[in-house]
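See below for the structure under consideration.
Bear in mind that the values in this text are calculations on the coordinates, not laboratory data. What you see is a predicted model, and the numbers here were worked out from it, not measured in a lab. Here Cβ is always computed from backbone atoms with ideal geometry, including for glycine, and neighbour counts include all displayed protein chains.
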Amino acid sequence: MPLVSFAGGEDGTWRVDRLDAVTGASLPAVRRVDVIEQPLAAVYELAAQSGDWILRGVTSNERYSSREEHHHLAAQQSTLGRQAATCAALIPITKSEEWWKLSQDERRELFEERSHHIAIGQNYLPAIARRLHHGHDLGEPFDFLTWFEYEPRDADAFEDLVARLRATPEWEFVVREVDIRLTRSQD
């Protein structure tokens, strides 16, 4: 399970275009975000030097998708790091204690059978690439960190995707959400 850190500060590959609290407390404003995939000790060293925030998560097994959904997503999903995908979004989310008290099958039922989270997301493939990072089991302040990349021409589609997901029953369990929009730095 690779550890991925999103470091907000004065330096980084991605320029912050906006940082908005959707639900709950925001994060301190920063100018840049860097995506770091390296050993944990190096991440702590970076945090000590920058004095800004670091959000951590691990990529893990897919917890709420069926085998068929997994295969369908894998067949359509674009890779991250595409040259033309100069827009990105980092959306950290924390869910309520009520969410975590539900059993795995109850969360799956809310996630897909009632909210259609996977089905909604599939409508935006392959234009919008994403990778989910889990922070709940690490004791991080955000349970999930979702990283999206897309081309500027797909910005309206991304807005539609986010609006549709936020209108689902699953989002009633979200107690903190920050929406960070970014552009890959050319300088």
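Things worth noting here:
- Gain upon complete extension [Ala21, Leu125; 0.36 nm per residue less C-alpha separation]: 34.8 nm
- For the range 139-187, size of Cβ-based charge dipole, Lys and Arg +1, Asp and Glu -1, in debye: 60 debye
- By the count of neighbouring beta-carbon atoms within 10 Å, fewest first, Ile93, Ile118 end up ordered Ile118, Ile93.
- Order of Glu112, Glu159 under a 10 Å beta carbon neighbour criterion, fewest first: Glu159, Glu112
- Extension gain, Lys101 back to Trp53 (0.36 nm per residue minus Cα-Cα distance, nm): 14.4 nm
- With neighbour counts taken as other beta-carbon atoms within 10 Å, the residues Val33, Val178 rank, fewest first, as Val178, Val33.
- Shape call, the range 135-186: gyration tensor on alpha carbons, a/c limit 1.5: oblate
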